[in-house]
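Here, each number is a calculation from the coordinates, and none is a lab measurement. The shown structure was predicted, so the numbers you read here are calculated from the model rather than taken from an experiment. Note that each Cβ is placed from the backbone with ideal geometry, even for glycine, and that neighbours are counted across all protein chains shown.
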Amino acid sequence: MKRKEIIDHIREKRSFLCVGLDTDIKKLPKCITDSAENVYDALMTFNKAIIDATAPYCVAFKPNTAFYEAHGVEGWRALADTCAYIRSRYPRHFVIADAKRGDIGNTSAMYARAFFEDMNFDAITVAPYMGSDSVKPFLGFDGKWVILLALTSNPGSMDFQLTEDRQCRRLFEKVIAESGRWATPEEMMYVVGATRGEMFKDIRVAAPESFLLVPGVGAQGGSLEEVCRYGMTDDCGLLVNSSRAIIYASKEADFAEAAGASAKAVASDMAGFLDTYSKI
């Protein structure tokens, strides 16, 4: 998917919501688990209902691959079929594999083939710790994206990401600066946690044109208004992810309806912020 297609979808829908499909079998409604024949059936029944209910209000979906890998073959099949379902029913939606891969060149190349060629995801999250030769194998696939971890919101991010070198440049700033030499904003985005608030200003100094994938709004307490105030660009430049607050809005039989209502509420707020902070 090209950058222009993402922006056009945001403009038309007045939303930059990404729904995270962190489907935890232990948190599914009893009506799903009681009727499912197996893990695959439970995951797919839940995911299809959530996707159908939230698709009118979002522009992207992001399955977290760990929640599928944990179930072995059935989980992997559910991951691939979830992507295929979105592709067939909602072809304009951007589909992200939240896999946080990153390894030596040959290994990364195999990951890229798995997620881009076999399962046909639009993008994959990548950890940059091993440097350029662990990231570059994911680049060069037409219409595919690398979403590089830059500044996350977990407590442990303080261990490395905010450390400074002798020039007082923080590690996340170096990651953005160096990776900007490997790829353009037409094929690389960055992960920045929503709880970072005013630090989005520093991110925008380092990456003024790049799209940012922003987790942490909703259950993790990030402020959507602050993300938009400090991080939004003229053409939006944001995909804000919400997972638990949407997909687990209800644990009863009305779970899909509740997820749709939650997504609609977030999208409504986003429309206002687009009017205030962007030019699309």
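Cβ-to-Cβ counts within 10 Å put Met110, Met232 in ascending order as Met110, Met232, the fewest first.
Going down the table (Lys30/Lys144; Lys27/Lys201; Lys4/Lys174; Lys62/Lys279; Lys144/Lys174), which pairs top 32 Å between alpha carbons? Write out the running numbers ahead of the final one.
Numbers: Lys30/Lys144 37 Å; Lys27/Lys201 36 Å; Lys4/Lys174 27 Å; Lys62/Lys279 26 Å; Lys144/Lys174 24 Å.
Where the Cα-Cα span goes over 32 Å, the pairs concerned are Lys30/Lys144; Lys27/Lys201.
For a bin width of 5 Å, list the pair-distance distribution of region 166-265 built from all Cα-Cα distances, rounded to whole %. So the P(r) values, bin by bin, are 2, 13, 21, 19, 16, 12, 8, 5, 3, 1, 0, 0. Adding -39500 (n - 2.57) for every DSSP H run of four residues or longer, then dividing by how many residues the chain holds, sets the calculated 222 nm ellipticity at -12500 deg cm²/dmol.
For a quick check: sort Ile247, Ile280, Ile96, Ile176 by the number of other beta carbons within 10 angstrom, fewest at the front. Write down the numbers at each step before the final one.
Details: Ile247 29, Ile280 17, Ile96 26, Ile176 23.
Ascending Cβ contact count within 10 Å gives the list Ile280, Ile176, Ile96, Ile247.
Compactness of region 72-219 was expressed as the Cα radius of gyration divided by 2.2 N^0.38 Å, which yields 1.07.
Note that region 235-278 carries a Kirkwood radius of 11.4 Å, evaluated over its alpha carbons pair by pair. Taking amide hydrogens as placed 1.01 Å from N in the peptide plane, the amide H of Val217 sits under 5 Å from those of Ala194, Gly222, Asn241, each at least 5 positions away in sequence or on another chain.
In region 114-158, what is the volume of the convex hull around the alpha carbon atoms, normalised per residue and reported in Å³? Dividing the Cα hull volume of region 114-158 by its residue count gives 91 Å³. Can you tell me the orientation of helix 72-89 relative to the chain, as the angle in degrees between its alpha-carbon axis and the longest Cα principal axis, to the nearest 10? Taking the Cα atoms of the chain, the angle to 72-89 is about 90 degrees. Amide H to amide H distances under 5 Å link Leu148 with Val126, Met189, Tyr190, Val191, where only residues 5 or more positions off or on other chains count and H is placed in the peptide plane. Using only alpha-carbon positions in region 1-115, the gyration tensor eigenvalues give semi-axes of 24, 21, 10 Å once each is multiplied by 5 and square-rooted (largest first). Per residue, the convex hull around the alpha carbon atoms of region 86-153 comes to 87 Å³. One equal scatterer on each Cα of region 3-277, no solvent, Debye formula: the resulting log10 I(q)/I(0) at q = 0.10, 0.11, 0.13 Å⁻¹ is -0.49, -0.59, -0.84. Amide H contacts under 5 Å for Leu21: Lys62, Asn64, restricted to partners 5 or more places along the chain or on a different chain, H placed in the peptide plane at 1.01 Å from N.
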